[in-house]
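*Asks:* Before I ask anything, let me first share the structure, which is written out below as structure tokens.
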Amino acid sequence: MNLTIPYTSKRLRKTLLLSLLYWVICLMNILGADDLGYLQIGFLILAIVSTFLYFRERKQQYLTISEGMIKRNDIWGRKIRLDEVIHIEKYAGDYILKTPTKKLRIDTHIIPPEALKELEEVLGQIQLTTAKT
């Protein structure tokens with residue numbers, strides 16, 4: 001089973017708008033200054049990093065479930081094996097999957113409703129097949 005859980009379009013829009021805001025501030029600081037200082041370089045770095053994060057989130061999506069693994073596609077790439085999950089906790093709308101050595105938090109607020117239903121089906125199958133909850 002291969003399943004990809006995307007980010008909500010609202011999340012992607014917020015990331016893009018934040019990136020554009022950093023670019024505007026960066027350009028205003030660079031054009032308004034006589035020379036490049038730490039502030040201008042700092043905003044330039046922020047603008048570049050936030051733009052990189054936007055394109056990465058748009059391309060990578062939020063979660064990938066395949067070959068018995070669930071992987072959160074963030075910078076650190078945290079992943080766990082589904083057959084090692086011993087506890088699934090729902091706290092404040094988020095899911096926390098626990099194994100004996102790892103913990104994976106899934107933020108459900110940045111998942112579209114239709115993809116959230118698919119995720120809940122997969123998590124329900126884990127609870128039924130493993131019976132470790």
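The values are calculated or read from the model by the stated rules, or taken from the named source; none is laboratory data. In this text the structure is predicted, and so the values were computed from the model without any measurement. So basically every Cβ, Gly included, is an ideal-geometry build from the backbone, and we count neighbours across all protein chains shown.
*Asks:* Which ones in segment 53-77 are more than 30 Å from TRP23 (Cα to Cα) and basic (Lys, Arg)?
*Replies:* Matches in segment 53-77: LYS71 only.
*Asks:* If ASP74 satisfies all but one of (1) of a type in the set (D, E, K, R); (2) closer than 19 Å to THR8 by Cα; (3) modelled with pLDDT of 90 or more, what's the number of the condition it fails?
*Replies:* (3)
*Asks:* Answer yes if at least one residue in segment 13-30 is in contact (Cβ under 8 Å) with a residue 40 or more places away in the chain and in a helix (DSSP H, G or I), and no otherwise.
*Replies:* Yes, that holds for at least one residue.
*Asks:* Based on what the data block shows, is ILE80 closer than 17 Å to ILE111 by Cβ, in a strand (DSSP E or B), β-branched (Val, Ile, Thr) and assigned by TED's automatic domain parsing to the domain that holds GLU120?
*Replies:* no
*Asks:* Have a look at ILE96, ILE126 and point out the one that is of a type outside the set (Gly, Ala, Ser), outside the structural domain of LEU21 (by TED's automatic domain parsing) and not in a helix (DSSP H, G or I).
*Replies:* After ruling out the rest, the residue left standing is ILE96.
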